[in-house]
Amino acid sequence: MARILEKTRLSESVYRMKLEAPLIAKGRKAGQFIILRTDAEWGERIPLTIADADPARGSIDIVFQTVGVTTKRLSAMEVGDRLADLTGPLGRPTEITDYGTASRRGWVVVVGGGIGVAPAHPIAQAFKAAGNRVTVIMGARTRELVIMEDEMRRAADEVIIVTDDGSYGRKALVTAPLAECCERAERPDEVVVVGPPVMMKFAAAATKPFGVKTIASLNSIMIDGTGMCGGCRVTVGGETKFVCVDGPEFDAHQVDFDGFIRRGGTFRREEAAHKCRSGLFGGGEGSK
Amino acid sequence: MTAKEKLAIPPQPMPEQEPAVRARNMEEVALGYTAEMAKREASRCLNCPTHPCVEGCPVKIRIPEFLAAAAEGDFARALAVIRESSLLPAVCGRVCPQEKQCQKYCTVGKLLKDASKAVAIGRVERYAADNAEHPAAAPSPRRGRKHVAVIGSGPASITCAADCARAGHGVTVFEAFHRAGGVLVYGIPEFRLPKRIVDREIENLKAMGVKIVRDFVVGRTAALPELARRFDAVFIGVGAGLPRFMGVPGEELIGVFSANEYLTRANLMKAYREGEAATPFWHGRRVAVFGGGNVAMDAARTALRLGAENVSVIYRRGAKEMPARAEEVRHAREEGVVFRTQENAKRIIGDADGKVCAVECLKYELGEPDQSGRRSPVAVPGSEFTLPADTVIVAVGNGSNPLISATAPELAVDRKGRIVVDEATRMTSMPGVFAGGDIVLGAATVIMAMGEGRRAAAGIDAYLKSKSGGG
């Protein structure tokens with residue numbers, strides 16, 4: 001199982017893969033994720049979001065950035081190779097609401113930062129399919145890192161692209177167009193943000209003054225993805241929640257992002273050491 | 001041999017790795033008896049007429065019978081007797097709390113007025129399981145076309161799957177993780193239960209014709225009602241599996257782990273093999289473990305083995321109330337774990353980077369016995385003190401995982417989320433769906449879970465027969 005059917009390099013460090021996963025393709029819903037391992041003996045379990053699925057072909061698409069040992073190994077695998085393990089779909093699906101009324105269509109703004117655009121894609125599709133008007137705000141550091149633009153244009157009614165350096169689209173952070181959306185006469189019925197924790201923190205702060213319902217999709221440290229380890233815990237509205245079974249989506253105005261960002265760095269030192277050993281940062285393979 | 005002569009045989013001590021050595025390696029601590037030691041220990045059994053030990057065994061192994069065979073050196077027969085009642089003797093010989101079960105009631109211990117001098121039933125069981133030849137598992141002949149789904153692959157599920165296969169039913173086990181064995185592979189460390197022993201039991205299951213599907217999360221990959229439609233019967237043996245935290249300030253700090261996470265990283269993900277395993281591990285120097293059960297002992301001893309300089313186990317009741325196996329407590333103490341009883345955390349203190357640097361604790365007094373029969377701990381006002389720590393491991397038990405029940409509203413659960421079953425048949429509120437182990441009992445032991453799996457398998461077999469009988 002879990003054969004790699006297609007592999008595309010989207011940028012220097014971002015890849016897209018189509019994986020054979022008939023059960024997941026059939027059952028997955030927007031907002032859910034998978035856990036995979038590349039190596040049967042020593043592999044690590046990493047959570048990755050689902051960018052798209054084709055139930056007829058029995059495949060799912062994942063998009064990942066080579067940031068750690070496992071994503072690096074994954075990027076070195078080729079079409080035809082098999083993953084050691086693939087589990088899912090995990091997490092609760094996005095709550096999809098049709099906000100439309102007799103007089104107007106509902107309006108949902110979906111914000112994707114970096115590779116957060118990938119999981120934002122099925123969420124935008126689902127809100128659109130439910131009947132809402134969907135605006136997508138895509139943010140990237142630079143032009144080269146803008147991904148899935150064509151698919152997003154097909155999925156959404158309106159696409160706003162921003163880059164940090166202005167090399168493509170507007171030179172801004174996602175928070176600028178997001179705040180502008182909230183300032184329009186008719187405010188968005190809901191905002192969903194997916195991306196780096198710091199981006200989600202500021203996106204939540206941007207919508208808060210307007211009282212616009214804002215949902216953040218969190219990607220945290222996790223082992224099993226079934227509620228067993230508690231590594232993914234996050235404080236939401238003063239309560240401890242598990243991202244894997246209670247989430248991954250939470251009320252962004254209630255999430256303790258500072259705590260979440262800190263916990264995300266738990267293994268930074270260990271991972272840096274591992275990357276050196278595995279040659280990710282130029283240490284060279286076998287430089288243990 | 002007369003009873004008097006038998007009582008004069010000294011209990012055979014278990015050969016063990018030296019504490020100072022083993023505290024720094026992951027190899028098994030207890031090395032196992034020699035054949036001679038196993039025979040001598042078994043010959044201490046008086047074969048007393050009431051055999052109270054059998055009553056003390058949750059699965060009613062005919063203990064005097066297997067000990068008699070072992071005393072004669074016929075370990076194959078000893079093992080055959082054990083296997084009639086217990087599917088996992090190599091596991092249970094190692095992890096059962098014998099001093100609270102069979103050995104607690106042993107007449108030899110009573111006569112010698114010292115329960116620790118009871119016949120070491122578990123150690124003889126382990127010797128037989130590890131060393132005796134027993135017939136290789138063969139495919140169980142199918143009778144009929146019934147097929148049973150077993151959810152989870154821990155002790156309750158392994159037992160239920162094996163019994164259902166023996167009864168002639170097709171069996172498919174669904175495991176959420178990438179490796180089968182449940183708590184035996186993610187929780188109990190290598191130095192207490194080598195993984196090869198669990199793997200052997202899983203291989204036995206496969207040899208019997210049981211199909212094992214890994215990476216399949218019931219409640220997500222497929223919902224319970226779907227499995228209930230596709231299979232003739234379902235057994236839920238998923239364990240408790242939702243770690244409890246203490247509910248004190250600071251549990252979100254970096255360096256605070258549930259014992260489940262800490263042990264899963266070290267065991268299942270093999271993070272103890274630094275440089276080979278891709279899963280990162282947290283190497284604490286000063287480790288504070290909260291809890292007094294086997295899981296707390298496992299976490300504390302794992303921390304030592306992975307380089308901690310000092311490890312404390314902090315437990316709010318007294319040493320006598322500790323639920324851990326006596327041997328685990330002794331081993332931990334010998335290895336240098338410091339026990340701090342009648343103390344508990346008030347809050348966890350972090351540094352400027354959000355990392356744990358200390359725990360503020362309170363001292364406790366023991367009051368009146370509570371519902372569990374143990375004296376309830378009461379905090380002493382004003383007794384606060386600070387314990388430096390860079391790692392906190394919380395081992396205060398597990399709640400019920402809601403993953404399955406959340407996708408099956410017709411499945412009745414109690415206030416604590418435990419699945420409600422019929423006392424006699426072990427069937428849940430859903431027809432044809434059975435449950436057992438920690439998801440029904442709350443936290444229990446490997447052997448109790450096994451007993452549950454066995455009772456549920458009997459219930460399943462009766463249910464399937466009644467169904468085919470009725471048309």
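The values are calculated or read from the model by the stated rules, or taken from the named source; none is laboratory data. Just so you know, these numbers come straight off a predicted model, no measurement behind them. FYI the Cβ positions are ideal-geometry reconstructions off the backbone, even for glycines, and counts take in every protein chain you see. When the accessible area is computed, the model is the full protein with side chains, heavy atoms only, and any ligands, DNA or RNA have been set aside. Shrake-Rupley method; radii C 1.70, N 1.55, O 1.52, S 1.80 Å.
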Next on the checklist: Using a 1.4 Å probe on the protein heavy atoms, what percent of the accessible area of the range B:381-471 belongs to carbon and sulfur?
Outcome noted: 58 percent
Checklist outcome for this item: In whole Å, largest first, the alpha carbons of chain B cover along the principal axes 69, 62, 50
Next on the checklist: Whole angstrom only: what separates the Cα centroid of the range B:64-133 from the Cα centroid of the range A:110-157?
Outcome noted: 64 Å
Checklist entry - Efficiency by 1/(1 + (r/R0)^6): what FRET value for residue A:165 and residue B:24, r their Cβ-Cβ distance, R0 = 56 Å, to the nearest 0.05? => result 0.60
Checklist entry - To two decimal places, what compactness ratio does chain A give when its Cα radius of gyration is scaled by 2.2 N^0.38 Å? => result 0.98
Checklist outcome for this item: Here the relative contact order (percent) of the range B:243-398, from C-alpha pairs under 8 Å and at least 6 apart, is 31 percent
Checklist outcome for this item: SASA check, residue B:40, accessible area w/ 1.4 Å probe, all protein chains in place, rounded to nearest 10 Å², comes out at 100 Å²
Item to check | the range B:127-262 - Rg over Rh from alpha carbon coordinates, Kirkwood radius | outcome: 1.05
Next on the checklist: Positive end of the dipole of chain B, charges at C-beta (+1 Lys, Arg; -1 Asp, Glu), about the Cα centre: which of B:216, B:262, B:14 has its Cα farthest in that direction?
Outcome noted: B:216
Checklist entry - Using the Karplus equation 6.51 cos²θ - 1.76 cosθ + 1.60 (θ = phi - 60°), what ³J(HN,Hα) coupling, rounded to whole Hz, does each residue of the range B:147-158 give in order, writing x for Gly and Pro? => result 10, 10, 9, 10, 9, x, 9, x, x, 5, 5, 4
Next on the checklist: To the nearest 20 Debye, how big is the dipole of the range A:4-90 about its Cα centre, given +1 on the beta carbon of each Lys and Arg and -1 on that of each Asp and Glu?
Outcome noted: 200 debye
Checklist entry - Largest first, what is the accessible-area ranking of A:49, B:172 with a 1.4 Å probe? => result A:49, B:172
Next on the checklist: Give me Rg/Rg_expected for the range B:243-398, where Rg uses Cα atoms only and Rg_expected = 2.2 N^0.38 Å with N residues.
Outcome noted: 1.02
Next on the checklist: Let me understand the range A:107-264 better: what is its radius of gyration from the alpha carbons, and its Dmax, in angstrom?
Outcome noted: 15.2, 46
Item to check | Flagged links, alpha-carbon separation over 27 Å, of B:363/B:416; B:110/B:195; A:208/B:416; B:100/B:195 | outcome: B:363/B:416; B:110/B:195; A:208/B:416
Checklist entry - So how strong a dipole does the protein assembly as shown carry about its Cα centre when Lys and Arg Cβ are +1 and Asp and Glu Cβ are -1, to the nearest 20 debye? => result 1160 debye
Checklist outcome for this item: Pseudo-spin-label distance residue B:333 to residue B:206, built 7 Å along Cα→Cβ, given in nm, is 4.3 nm
Item to check | Rg ratio (alpha-carbon, reference 2.2 N^0.38 Å) - the protein assembly as shown | outcome: 1.02
Checklist entry - Rounded to a whole number, what is D in µm²/s for the range B:3-131 from Stokes-Einstein with the Kirkwood radius over alpha-carbon pairs (10 °C, 1.306 mPa s)? => result 108 µm²/s
Next on the checklist: Tell me the angle of helix A:268-278 to the major Cα principal axis of chain A, expressed in degrees between 0 and 90 and rounded to the nearest ten.
Outcome noted: 50 degrees
Checklist entry - Say the dipole of the range B:243-398 comes from +1 at the beta carbon of Lys and Arg and -1 at that of Asp and Glu; which of B:281, B:271, B:396 then lies farthest toward its positive end? => result B:396
Checklist entry - Between the range B:443-468 and the range B:249-285, what's the alpha-carbon centroid distance in Å? => result 35 Å
Checklist outcome for this item: By accessible area (1.4 Å), largest first, B:1, B:37 order as B:1, B:37
Item to check | Semi-axes of the equivalent ellipsoid for the range A:4-90, Cα gyration tensor, largest first, Å | outcome: 19, 14, 12
Item to check | Student exercise, chain A dipole from Lys, Arg, Asp, Glu Cβ charges, in Debye to nearest 20 | outcome: 180 debye
Item to check | Full-stretch length increase - residue B:145, residue B:376 - with 0.36 nm per residue and alpha-carbon distance subtracted | outcome: 77.9 nm
Checklist outcome for this item: Carbon and sulfur atoms account, in whole percent of the 1.4 Å probe accessible area of chain A, for 49 percent
Checklist entry - What figure in square angstrom, to the nearest 10, would you give for the accessible area of residue A:261 with a 1.4 Å probe? => result 60 Å²
Next on the checklist: Which residues belonging to the range A:233-250 lose at least 10 Å² of 1.4 Å-probe accessible area when the assembly is complete, relative to their chain isolated?
Outcome noted: A:233, A:235, A:242, A:245
Checklist outcome for this item: Sorted list, accessible surface of protein heavy atoms, 1.4 Å probe, largest first, for B:346, B:465, B:6 is B:465, B:346, B:6
Checklist outcome for this item: Inter-part gap, Cα centre of the range A:187-209 to Cα centre of the range A:33-64, in whole angstrom, is 26 Å
Checklist entry - Among A:198, A:88, A:118, whose Cα lies farthest out toward the positive end of the dipole of the protein assembly as shown, if unit charges sit on the beta carbon of Lys, Arg (+1) and Asp, Glu (-1)? => result A:88
Item to check | Accessible area expressed per residue, the range A:108-164, with surrounding protein chains retained (probe 1.4 Å, Å²) | outcome: 32 Å²
Next on the checklist: Give the A-B buried accessible area in Å², both sides summed, 1.4 Å probe, nearest 100.
Outcome noted: 3700 Å²
Checklist outcome for this item: Expressed in nanometres to one decimal, the distance between label points 7 Å along Cα→Cβ at residue B:360 and residue A:84 is 4.4 nm
Checklist outcome for this item: Any lysines whose Cα falls less than 24 Å from that of residue A:18, other than same-chain ones fewer than 8 residues away, would be A:7, A:26, A:29, A:72, A:128
Checklist entry - Hey, what did chain A get for relative contact order, percent, Cα under 8 Å, at least 6 apart? => result 15 percent
